[in-house]
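Reviewing the structure listed below.
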Amino acid sequence: MVAADSHPAPMVAAGGMPRILVVDDDRETCRFMDELLRGADRHIELAHTPDEALALAQRGGFDLVVSDINLNAELSGLDLLRAFKRADPRLEILLISGFGTLETAIEAVRAGAFDYVSKPFDIVEVKETVDRALKRRAQPASAPAVPEAVEAVSADGLIGRSRGMLAVYKQIAHAAGSDAPVLITGETGTGKELIARALHHHGRRAARPFVPVNCGALAEGLLESELFGHVRGAFTGALGDKKGVFEQAEGGCGCCACSSTGRCGPSAPRAS
């Protein structure tokens, strides 16, 4: 058995014909993926166990690995992802799973997966994803991002393993590492605050405060005070100083989730 932290021999980018490694413990799935992805300009090899996949990687370089996450072995597709990325950070890896969760999507994206597709997968989607991965692999090398350390994470109250929910999980995984403001849209009751909490939990500010505020539930005259705070005597009933939600979020070091902003009146404070 090859340990998860073993280092396969350095991979050499394939010259000319792209080389694809398909890893799945189910032989029928492997054969199906072989037929789906095979072309005159591609070389495809199949592996049914993690050990077999690592051995094939040691013998020759691949441009793309397509692997199931659950391989019914000691090592999973995520373990292979980390091992392959340590050996060749530019190697593109597409993970496939029948049990898509937010935790798995976060872990896959942080470890450097090109994409993450759920079963039953759409044939056109898989083909297009493989084409994009090979196209990026063929581009000139640039300094690869160092994968972040992956920790066990909670479910954040989000459930569902449909293709639509997996797309949401992947968006959360990509946006969580950004410092840019995030706009979350959706009808009332669809879980916008859950998404905001998940972004905060998996982002760089996870240890900082998360302050949600329902702007639509506040009277127009109180919104500015709620957001920015006030001092004693600023208006009738202001009996003491009060921090606004932005200050409660530690001046931008934490996260502030403002919901129902579309219900605010025209005189409400706007970000400049």
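Values in this text are rule-based calculations from the coordinates and carry no lab data. Being a predicted model, the structure only gives us computed values, none of them experimental. Cβ atoms come from the backbone with ideal geometry, glycine included; neighbour counts cover every protein chain shown.
Could you line up 163, 137 from fewest to most neighbouring Cβ atoms inside 10 Å?
Least crowded to most crowded, the residues run 163, 137.
Order of 245, 130 from fewest to most other C-beta atoms within 10 Å?
245, 130
Cross-link candidates for residue 119: which lysines have Cα within less than 29 Å, leaving aside residues fewer than 8 places away along the same chain?
By straight Cα distance, residue 119 reaches 85, 127, 135, 170, 192.
Sort 234-244, 22-32 for me by packing, meaning the mean count of neighbouring Cβ atoms within 10 Å per residue, highest on top.
22-32, 234-244
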